[in-house]
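Contents: one structure, followed by commentary.
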Amino acid sequence: MKIAGWVLSGLIALFLGLASALPKFMGMAAATDAMDVVGWPVKYLLLIGCIEVVCVVLFLIPRTALLGAVLTTGLLGGSLAANLRVDNPLFSHTLFSVYLGVMVWGALWLREPRVRAVFPLLK
């Protein structure tokens with residue numbers, strides 16, 4: 001279980017780092033267009049990218065993984081709210097934050113016995 005949790009954590013980190021934060025740092029059209037759609041000024045791209053990277057780093061460090069998961073959940077909640085506000089497609093855009101959040105907590109649950117103790121799925 002622990003290996004599966006670390007593999008999933010690595011995939012999440014790659015996604016948030018390469019597919020989400022990197023385009024923001026580079027000012028790529030994919031990032032700027034998304035900001036336009038939700039009505040956010042492009043000046044926040046760098047800040048949001050930095051927050052994503054900090055959340056991922058905290059999530060990958062075992063001692064701060066719980067804090068990283070909590071902060072990532074907050075970040076994803078903001079993303080969900082922004083997409084919901086502009087009436088983006090529900091299952092592909094708006095709920096993507098929920099899918100990713102479930103993966104974050106699932107990965108942490110798999111790799112951390114203390115999280116499994118708090119949230120037992122099996123008796």
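The values are calculated or read from the model by the stated rules, or taken from the named source; none is laboratory data. Owing to the predicted nature of the structure, the values given are computational and were not obtained by experimental measurement. When we count neighbours, we look across all protein chains shown, and the Cβ atoms used for this are built from the backbone with ideal geometry, even at glycine.
Couple of notes before you dig in:
- The stretch 1-54, residues that are farther than 24 Å from residue 116 by Cβ, within 12 Å of the chain's Cα centre (by Cα) and among the polar types (S, T, N, Q): 20
- Test: residue in the stretch 36-50 that is in contact (Cβ under 8 Å) with a residue 24 or more places away in the chain, under 18 Å from residue 2 (Cα atoms) and crowded, with 18+ Cβ neighbours inside 10 Å: no
- So residue 90, is it aliphatic (A, V, I, L, M) and modelled with pLDDT of 95 or more: no
- Being in contact (Cβ under 8 Å) with a residue 60 or more places away in the chain and either exposed (fewer than 13 other Cβ atoms within 10 Å of the Cβ) or closer than 25 Å to residue 85 by Cβ (or both) is a property that residue 31 lacks.
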